[in-house]
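Step one of this worksheet: look at the structure below.
None of the figures in this text is laboratory data; all of them are computed from the coordinates on show. Note that the structure is predicted; figures quoted are calculated from it, not measured. Virtual Cβ from ideal backbone geometry, glycine too; neighbours counted across all protein chains shown.
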Amino acid sequence: MFRLRCALKKTILLVSLLAGLQVISMAQDVYFSQFFMNPVFMNPAYAGTMKVPRAGVQYRNQWPGMDKAYTTYFASFDTYLPKIKSGIGLLLFNDVQGDGIYTETNFKVSYSKEIRLNREWTMYGSLSAGAQLNSLNFNRLIFSDGLDPIYGQHIPTTEAVPDNNNRLFPDFGAGLLIFNDKYFIGIAGDHLSEPDQSIYSAYNQKLPRKYTMHMEVNLPWFKPGHLKKYATFNPNFILQSQGEEQNITYGVYANRKGISLGAWNRLTTRNSSDVIVMAGFMGKQLKTAITYDLNLKGVGLRSHGSVEISISYLLKDPGKKSIFPFYEIPGEWDIR
């Protein structure tokens, strides 16, 4: 009886996961809490904005209390091309769901063009193109008709086997970023062609377009009567919409001599709420951060939250002040 209960429990979990995969595949992409560490993923118009080569890696473990529900690996590179006043970026991420039962691998190339609007404002417009590979390990799935009702042993299922466990399709996006030394405003669109991502040829499952609007403000704080910067505060707001899913992330992070702390709240249309806390270090070229997402409404505390770790490295010494908040140089805390 114990074996049967365990087998039935595993069956329910796996069938629920399979059903959830279809909802997820039709609903939303991966959402990173550390948007400031991989800005080109959020908006391809960020490619080249640092004016020096930048490389980054990121790891996200979402809901570890639910047996490796979602694990995401991300790598990026972008740089500036001064002769044509443009930037290029390369992105690669692998999202592993259900301990490897379902995976999404995406590769993209971004091109951005710098346009000086006036002495204070700059605009970057960008296009991105790439491909995504969705893979399903069907043999690891267990269905209710594939269990012996007495012994709980696996038997052949009558569920339809996919024509191909892998689906490769092209993907396109675009973005726009406008900023000065205080305000950063951007919009971006992804999956513009709404490609078919179904692994079953008889079913058409479009990947819905994703729209992102984001804004950030850089607020330096100076000691009273001094020109020496004491700290900076950066309120930010992100609104994302994909299919029937929308989420809002708002919060602030503060920087002080290379140390950064932050807190955000994320709300979704699925009646879910996350509190996100962050701690980070900003060296002259090395930046690193760790965040913890605590789900207060939705899957709840049984998910054990989510952990995200990022490292970003500028391959060349910037040599001058950066206007981008999280990429400020510690030496900037001198008199302006």
Taking the alpha-carbon centre of each part, the distance from segment 38-64 to segment 248-267 in Å is 17 Å
From the backbone phi of segment 305-321, what are the Karplus-calculated ³J(HN,Hα) couplings (6.51 cos²θ - 1.76 cosθ + 1.60, θ = phi - 60°) in whole Hz, Gly and Pro given as x?
x, 9, 10, 9, 10, 9, 9, 10, 9, 8, 6, 9, 4, x, x, 8, 4
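Count charges around residue 191 for me, please; just the other residues with Cβ under 15 Å from its Cβ, Lys/Arg as +1, Asp/Glu as -1.
On the way: positive: 108, 167, 206, 209, 210; negative: 29, 95, 104, 171, 190, 194, 196, 244, 245.
Result for the neighbourhood of residue 191: -4.
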Please list 30-37, 115-122 highest first by mean number of surrounding beta-carbon atoms within 10 Å per residue.
30-37, 115-122
In nm, the gap between the two label points placed 7 Å beyond Cα toward Cβ at residue 228 and residue 323 is 2.7 nm
How would you rank 259, 187, 276, going from fewest to most other Cβ atoms within 10 Å of each one's own Cβ?
259, 187, 276
Using 7 Å Cα-to-Cβ label points, what is the residue 273/residue 116 separation (nm, one decimal)?
4.8 nm
Given 210/316; 182/316; 210/257; 85/108, which pairs have Cα atoms separated by over 27 Å?
210/316; 210/257
I need 304, 191 ordered by Cβ neighbour count within 10 Å, fewest first.
304, 191
Fewest-first ranking of 264, 221, using other Cβ atoms within 10 Å as the exposure measure:
221, 264
Charge sum, other residues only, whose C-beta stays under 9 Å from residue 33's C-beta, Lys/Arg counted +1 and Asp/Glu -1:
-1
How big is the Cα convex hull of segment 170-238 in projection, averaged over all directions, in nm²?
6.4 nm²
